[in-house]
Amino acid sequence: MKDLLELYQTRASVRKFKPEPLREGDLDKILLAAQRAPTDATAQMYTLVRITDPALRGSLAHLTSNAHIATAAEFFLILADVHRLRQMVKYRGGEWGHWPRTAAHFAIGDAVLAGSALATMAEGLGYGICWIGGVLNAINPISQLCSLPEGVFPVAGLCVGVPDEAPRPRPRLRRELVVHENHYREYGPEELEAAYTDMRPITRSGDWYKVLSRYFAEGGTMEHREGPYQAYAAKAGFDPDLPEELLVKLGDKGIQAGSLGQLIEQTLAQGFRSVQFQPGLVWIEKEPEAYRGDGKPGEALAQALLQAPKERIIPQ
Ligand SMILES: Cc1cc2nc3c(=O)[nH]c(=O)nc-3n(C[C@H](O)[C@H](O)[C@H](O)COP(=O)(O)O)c2cc1C
């Protein structure tokens, strides 16, 4: 077992794996680490799906454009999971509370802590690991392939296997940028410039900005993920304003929305001339028709849209 200090000094994500299984007993050790990780309120709002079916592995590798998913000895889908906790509460006759955003916060935290403990134990045992955020590129197909119920969503994937490469440790921002004292402080231009210089070795082009902009700037990967992620999270019950059962019905009509704002945009995109909100009701108009929905704004708008005949709804 590696010394923890040495592990963190030398570790690097591994993307090439030997076609070998974990040594006997090691799967149990890494799962033990995941289960022993701290968990908010001991609620354990996470689930790991161990993907052993080679065909399913292949599909996940393809959907996320991460070939190493198929070659690693083990691959886990790391899920934020409110479903099981809700089952536990309901099983004893409790009414589940309405706290969708807080639930997402708890569940993502628990999932990351469990995955992180698993990864560190695996690296300590000499294996290579690679987290896979690419699962967000295909959140809907993956949830279908892995039969994820409502209240559950993928946070990331995690590859674990026998390394077939030994990458050098990758750079990090200097400590003053990520560790502040007592108060958050702003960054000066020299520090930002130094950050680009420090991170240069991670790039092919020599310019970290190219990487950052490809992911995080306007039109980048994250923006492409945002719409499907919002829609998926709302359908799984994590939007405070949109009731999930109505979102599922809207999905059958080709309307995917993850926030009240998106639902308004989609309504207008369907050719409805106006969306009027009044206390307890919503009124949408597309001459010569109009539809009314009752309830809180999100619920009422969803109801109004559901009343519009299906053929009038243009799939986006
Ligand atoms: C949440 C998360 C998602 C990631 N997603 C991917 C991914 O989809 N594919 C991949 O090859 N690496 C992925 N990585 C690995 C990062 O690229 C890697 O950790 C980062 O470049 C730092 O390198 P290091 O781990 O070798 O220090 C991910 C890492 C994290 C923590």
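The values are calculated or read from the model by the stated rules, or taken from the named source; none is laboratory data. Please read all numbers here as calculations on a predicted model, not as lab measurements. Cβ: placed from backbone, ideal geometry, glycine included. Neighbour counts: every protein chain shown.
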Self-check item: Every pair of residues 6+ apart whose Cβ atoms lie under 6 Å, when the first sits in the range 120-133 and is touching a residue at least 40 places away in the same chain (Cβ under 8 Å) and at positive phi while the second is in a loop (DSSP other than H, G, I, E, B) and among the charged types (D, E, K, R)
Solution: none
Quiz item: Any idea how many residues of the range 6-60 are in contact (Cβ under 8 Å) with a residue 24 or more places away in the chain, under 22 Å from Ala80 (Cα atoms) and in a loop (DSSP other than H, G, I, E, B)?
Solution: 7
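For the range 79-160, give me every one of the helices (runs of 4 or more DSSP H) that falls completely inside it and has 1 or more residues that are within 13 Å of the chain's Cα centre (by Cα), at pLDDT below 95 and under 22 Å from Arg57 (Cβ atoms).
Numbers: elements: 83-91, 100-124, 139-145.
Filter on the range 79-160 gives 139-145.
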Practice problem: State whether the residues of the range 177-195 include one that is within 15 Å of the ligand (Cβ to nearest atom), loosely packed, with under 11 Cβ neighbours inside 10 Å, more than 19 Å from the chain's Cα centre (by Cα) and not small (Gly, Ala, Ser). | Solution: yes
Practice problem: Could you figure out which of (1) outside any loop (DSSP other than H, G, I, E, B); (2) more than 27 Å from Val152 (Cβ to Cβ) isn't true of Leu250? | Solution: (2)
Practice problem: Please determine, by comparing only the residues of the range 161-176 that are surrounded by 12 or more Cβ atoms within 10 Å (Cβ to Cβ) and outside any loop (DSSP other than H, G, I, E, B), which one is farthest from the chain's Cα centre (by Cα). | Solution: Glu176
Quiz item: Mind checking whether some residue in the range 15-33 is in contact with a Pro (Cβ under 8 Å, 6 or more places away or on another chain) and not charged (D, E, K, R)?
Solution: yes
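Which ones in the range 6-29 are within 16 Å of the ligand (Cβ to nearest atom) and either out of contact with any strand residue (DSSP E or B) (no Cβ under 9 Å at 6 or more places or on another chain) or at positive phi (or both)?
Filtering the range 6-29 for residues within 16 Å of the ligand (Cβ to nearest atom) gives 6-17.
Once the filter is applied, which keeps residues that are within 16 Å of the ligand (Cβ to nearest atom) and either out of contact with any strand residue (DSSP E or B) (no Cβ under 9 Å at 6 or more places or on another chain) or at positive phi (or both), the range 6-29 yields Glu6, Leu7, Tyr8, Gln9, Thr10.
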Self-check item: Total residues in the range 134-176, condition in contact with a His (Cβ under 7 Å, 6 or more places away or on another chain) and within 13 Å of the ligand (Cβ to nearest atom)
Solution: 1
Quiz item: In the range 256-290, which residues are under 20 Å from Phe153 (Cβ atoms) and not small (Gly, Ala, Ser)?
Solution: Gln256, Leu260, Gln262, Leu263
Quiz item: Given Arg50, Arg57, Arg101, which one is more than 13 Å from the ligand (Cβ to nearest atom) and more than 24 Å from His224 (Cα to Cα)?
Solution: Arg50
Exercise. Give the range 30-46 a look and list any residue that's on the phi < 0 side of the Ramachandran plot, buried (at least 16 other Cβ atoms within 10 Å of the Cβ) and among the polar types (S, T, N, Q), or say none.
Key: Thr39
